[in-house]
Amino acid sequence: MEYGAIDLHTRRSEIRIVTEDGTVVLERRIDTRAGEFGRVLGGRPRMRILLESGTESEWVAQTLEQLGHEAIVADPTYTAMYGSRNRRVKTDRRDVAALAEACRRGIYRLAHRVSPATQRRRQHLRTRDHLIRMRTQTINAVRAIVRGAGHRVPSGSTRTFVARVQTLDLADLGEVVAPLLAVLTHVAQQIADAEAWVRATAAADPIAQRLMTLPGVGGVVALSYQSALETPTRFDGDAARASAYLGLVPSEHSSGEGRHRGAITKAGPRMVRSLLVQAAWTLWRQRRRVPHLYAWVEQVAARRGRRIAVIALARRMSRILFALWRDDTDFRRAPTGA
């Protein structure tokens, strides 16, 4: 049996194939395109091909599987996979050689591969997030231009921003901001369509409905949390591991008797972590609905400050959401402080 490895890059990727005894039978650099993988690997007997998890890995793995090969998407943080590779002398050929050897010897840790449905849901949510950031940046640009001319946009909601700008007497400056206002009008419709998709998807998803029973959690947070983790079994039912994956646990440096805990690791998906922090602020304000969580976060804030307290609350919310999902229940029936 032959064993392969691919060091993936956006434009060009390095391929290496070895035999059972490690003899190199193919080394080639090709364009990172499905047709090129088919041309080089399509006519070969079934083999195991290892590649690191990354932006390009899923579609490449699917392409390899369609060609009849076994695709191994490996966790790039598993350092044993790279053997004695010298990081001071790093080249694509050295990297792919280490990966091919790891594939041949079975020294790798599988990365989680999301389903096509989850991948599509993530794409919808990323598109919505990008549209909202685009709207914010455009509004800030308009405000800066208007202020530079000595005007102020009247206060109000984001939805009425264009109308509020149009009430100003901007004279020739109106020609400058007109393209930005046109962008805002168009983006507003795209955001409305994205919000409609969120409402419809969350309403049809029983898991999202359970997660939304936790105050502060709406459709966007529920769907984003669910699509980031995909399944509780991925973390062996351990809520703490899920929180660590989302980067909400403190970093730690311990040596001897000393132990130092720093800021959160911020590992994992940034968007979900940010949404959970926003949801934590919302939940904190809902004192009557969650008195036990409110009392707990107030105690933390008194000791450590509000910024640390809200991160701690976001971490606890993450674990509560995980428990609701894992135990097939909702917050109204869950034990206090789940």
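The values are calculated or read from the model by the stated rules, or taken from the named source; none is laboratory data. Please read all numbers here as calculations on a predicted model, not as lab measurements. Using ideal geometry, Cβ is built from the backbone for each residue, glycine included, and neighbour counts are taken over all protein chains shown. The protein model used for the area step is the full one, side chains on, heavy atoms only, and it has no ligands, DNA or RNA in it. Shrake-Rupley method; radii C 1.70, N 1.55, O 1.52, S 1.80 Å.
Here the chain is treated with +1 on each Lys and Arg Cβ and -1 on each Asp and Glu Cβ, and its dipole about the Cα centre works out to around 1260 debye.
So, with +1 on the Cβ of K and R and -1 on the Cβ of D and E, and no other charges, what is the size of the charge dipole of the stretch 238-305 about its Cα centre, to the nearest 20 debye?
On the way: 12 positive and 4 negative charges, 69 e Å.
Using only the charged Cβ atoms, the result is roughly 340 debye.
Once both labels are positioned 7 Å from their Cα atoms along Cα-to-Cβ, the gap between ARG319 and GLN286 label points is 2.0 nm. Computed with every protein chain present, the accessible area of SER155 is close to 110 Å² [probe 1.4 Å]. Extension gain, ARG306-THR19: 0.36 nm per intervening residue step, less the Cα-Cα distance, totals 97.5 nm. The alpha-carbon atoms of the stretch 103-212 define a convex hull whose volume equals 178 cubic angstrom per residue.
A Cβ-based charge dipole, computed about the Cα centre of the stretch 186-338 with Lys and Arg at +1 and Asp and Glu at -1, lands at about 700 debye. Probe of 1.4 angstrom, ligands and nucleic acids ignored: what's the accessible area per residue over the stretch 261-338, in square angstrom? The answer is 59 Å² per residue. Normalised per residue, the accessible area of the stretch 1-112 is 53 Å², obtained with a 1.4 Å probe and no contribution from ligands, DNA or RNA. One quarter of the convex hull surface built on the alpha carbon atoms of the chain amounts to 24.4 nm², the projected area averaged over directions.
Taking Cα atoms only, the orientation of helix 57-66 departs from the longest principal axis of the chain by about 50 degrees. Using C-alpha pairs under 8 Å with a sequence gap of at least 6, the mean separation divided by the residue count of the chain gives a relative contact order of 11 percent. Altogether, the Stokes-Einstein calculation at 4 °C and 1.567 mPa s, with the Kirkwood radius of the stretch 16-159 over Cα pairs as Rh, returns a diffusion coefficient of 69 µm²/s.
With each run of n ≥ 4 DSSP H residues scored as -39500 (n - 2.57), what mean residue ellipticity at 222 nm is computed for the chain after dividing by its residue count and rounding to the nearest 500 deg cm²/dmol?
Working: 12 runs with 176 residues, N = 338.
About -17000 deg cm²/dmol.
For the residues ARG46, ARG199, ARG319, a GNM of the chain with alpha-carbon springs under 10 Å puts the largest fluctuation on ARG46. Extents of the stretch 263-319, largest first, come to 31, 23, 16 Å (Cα atoms, principal axes, whole angstrom). Heavy-atom accessible area for THR32, with the other protein chains in place and a 1.4 Å probe, reaches approximately 10 Å². Solvent-accessible area of the chain (1.4 angstrom probe, protein heavy atoms only): carbon and sulfur portion equals 48 percent.
Entry for the stretch 180-219 at q = 0.15 Å⁻¹: log10 I(q)/I(0) = -0.47, Debye formula applied to identical alpha-carbon scatterers, no solvent contribution. Taking all Cα pairs closer than 8 Å and separated by 6 or more residues, the relative contact order of the stretch 210-338 comes to 33 percent.
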